[in-house]
Amino acid sequence: MKPLYKYLSSKYLDAFVDRGEVLFRSLSYYSNYEEMQVRGDRNEGKRVFNPSGGLEVTNTTTGKTSQLQGTFESTVRDREIFVFCMSKVFSPELAREFKSDVCVEIAEPAYLIAQIRSALQLRKWVKQGRLLHDSVDYYSPETEPLAEWAVPERMVMRKTTDYTDQAEYRLAFARGNALQVENVITQIATGQDIIPPTLDGHPQHTLKLGSLKKLCKVHRIE
């Protein structure tokens, strides 16, 4: 497995490298992060469908179809799913985008993943200690979701093509049944009644793995 890269502020460097504190934040945190124009994806934890011609809806009584201007959204239980984000590329430009002054190169990501999986198996609230990990797949909101809208496990590993340059590799786990098929909330969003974003009150969980120095090389970004 090729090296992965974690972009950080230097104030968190010792916690991550020296003490092995791996902070998983909820998907709800990252969606609010983008709304506040910091970084992240406002559609984090969602599968959205927004075709240019509008959504085709069918009146089940008359059988007639019409076009509706709006976005179909399927959202996972985003306060119950936790992610740790890395990148497959080392890029000073990406570091600046993330407002990071250090990049930690993880030379043996398979070992890190194994350590995290072992830590999760000690937590009974993580069903079967299950850890998802994979490259993030990027999609266009104009692409029909088919059955994907009902599969949280798949949605967690998907982001819109606005974020392709991040080349993200993601680790994720959930509380209880948050990853169960069809455990989602669906709606047609019209842009009204938007809840103001906040970075307060979002769940998070830190795994303490012990020193990761042997796995890591630190790059300073100027």
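The values are calculated or read from the model by the stated rules, or taken from the named source; none is laboratory data. These figures come from a predicted structure and were not determined experimentally. Every residue, glycine as well, gets a Cβ built from its backbone with ideal geometry; the counts of neighbours run over all protein chains shown.
Being among the charged types (D, E, K, R), over 18 Å from the mean Cα position of the chain (by Cα) and within 30 Å of Pro51 (Cβ to Cβ) is true for just one of Glu168, Glu142. Which residue is that?
Answer to the selection: Glu142.
Would you mind stating whether Tyr138 is hydroxyl-bearing (Ser, Thr, Tyr), surrounded by 15 or more Cβ atoms within 10 Å (Cβ to Cβ) and closer than 19 Å to Met86 by Cα?
The answer is yes for Tyr138.
Mind checking which residues of region 163-183 are of a type outside the set (A, V, I, L, M, F, W, C) and either buried (at least 16 other Cβ atoms within 10 Å of the Cβ) or assigned to a loop (DSSP other than H, G, I, E, B) (or both)?
Across region 163-183, the qualifying residues are Tyr163, Gln166, Glu168, Tyr169, Arg170, Arg175, Gly176, Asn177, Gln180, Glu182, Asn183.
For region 86-100, how many residues meet the condition of being modelled with pLDDT under 95 and either not hydrophobic (A, V, I, L, M, F, W, C) or not in a loop (DSSP other than H, G, I, E, B) (or both)?
Selection size over region 86-100: 9.
Of the residues that sit in region 101-135 and are in a loop (DSSP other than H, G, I, E, B) and touching a residue at least 12 places away in the same chain (Cβ under 8 Å), which one is surrounded by the fewest Cβ atoms within 10 Å (Cβ to Cβ)?
Taking region 101-135 and keeping what is in a loop (DSSP other than H, G, I, E, B), we get 101, 107-108, 121-126, 130-131.
Imposing the further condition that a residue be touching a residue at least 12 places away in the same chain (Cβ under 8 Å) reduces the set to 101, 107-108, 125-126, 130-131.
Numbers: Asp101: 16, Ala107: 14, Glu108: 15, Trp125: 11, Val126: 18, Arg130: 14, Leu131: 19.
For region 101-135, the residue satisfying everything is Trp125.
Inspect region 203-216 for any residue being over 30 Å from Tyr111 (Cα atoms) and at pLDDT below 95 and give the result as yes or no.
Checked against the condition, which is being over 30 Å from Tyr111 (Cα atoms) and at pLDDT below 95, region 203-216 yields no hits at all.
Under 8 Å between Cβ atoms, which residue pairs at least 6 apart in sequence (or on different chains) link something in region 61-87 that is surrounded by fewer than 17 Cβ atoms within 10 Å (Cβ to Cβ) with a partner that is hydroxyl-bearing (Ser, Thr, Tyr) and modelled with pLDDT of 80 or more?
If the second residue must be hydroxyl-bearing (Ser, Thr, Tyr) and modelled with pLDDT of 80 or more, the pairs left are Arg79/Ser26; Arg79/Ser28.
Which residues, counting only those in region 1-37, are at pLDDT below 90 and within 15 Å of the chain's Cα centre (by Cα)?
Ser28, Tyr29, Tyr30, Ser31, Asn32, Tyr33, Glu34, Glu35 - these are the residues of region 1-37 that are at pLDDT below 90 and within 15 Å of the chain's Cα centre (by Cα).
Please enumerate the residues belonging to region 140-162 that are outside any helix (DSSP H, G or I) and either closer than 16 Å to Val184 by Cα or at pLDDT 95 or above (or both).
Scanning region 140-162 gives Pro145, Val151, Met157, Arg158.
From the list Thr75, Thr62, which one is in a loop (DSSP other than H, G, I, E, B) and closer than 30 Å to Ile188 by Cβ? Don't jump to the end; show me each part of the working.
Values: Thr75 fails: in a loop (DSSP other than H, G, I, E, B).
That would be Thr62, the only listed residue that is in a loop (DSSP other than H, G, I, E, B) and closer than 30 Å to Ile188 by Cβ.
Assuming Glu56 fulfils every condition listed in (1) part of a strand (DSSP E or B); (2) surrounded by 18 or more Cβ atoms within 10 Å (Cβ to Cβ) apart from one, which condition is it?
(2)
Please go through (1) surrounded by 12 or more Cβ atoms within 10 Å (Cβ to Cβ); (2) farther than 17 Å from Arg25 by Cβ for Glu144 and return the number of the only condition it doesn't satisfy.
With (1) surrounded by 12 or more Cβ atoms within 10 Å (Cβ to Cβ); (2) farther than 17 Å from Arg25 by Cβ applied to Glu144, the lone miss is (1).
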